[in-house]
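What follows is one structure encoded as structure tokens, with my remarks underneath.
Please treat every number below as a calculation from the coordinates, not as lab data. Quick caveat, the model's predicted, so the values are computed rather than measured. Heads up, the Cβs are rebuilt from the backbone with ideal geometry, glycines too, and the neighbour counts pull from every protein chain shown.
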């Protein structure tokens, strides 16, 4: 996996996203905002498989996010190990993520990445208004 700094063009180019992202497309304005906050884009050869980042809450704490294309499944182990490396080398002591309630594959992946369930049901937590479970990874 090749990891590069996230650019707006990456957010706009990520296609064939997994179902939980359906209906939540990046606008040019949102893509610019995401680029300004920092993050990464992950490539398998010439194919963009994921974008993500960690948004700072306050010193040492952040909110992790990631969008995956369907192509990521072909390289799930490599993507997982790459993301673990990014998380392990971040400056954050605590990183939180939200996983859509009922998205069991996402819950299992969060645990493989070293996150632990803290809040099973956070009502209307996500940007889409849906319910999420909150996971945290603390060093």
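Provide the percentage of antiparallel DSSP beta bridges, counting only those with both residues in the chain; round to the nearest 5. Numbers along the way, then the final one.
Values: 29 of 32 bridges.
If I count the DSSP bridges inside the chain, around 90 percent turn out antiparallel.
With every atom except the alpha carbons ignored, what do you get for Rg and Dmax of the chain, in angstroms?
In Å, with Rg to one decimal and Dmax whole: 14.1, 39.
Please arrange 82, 119 by how many other C-beta atoms lie within 10 Å of their C-beta, fewest to most.
On the way: 82 18, 119 13.
Lowest to highest Cβ neighbour count: 119, 82.
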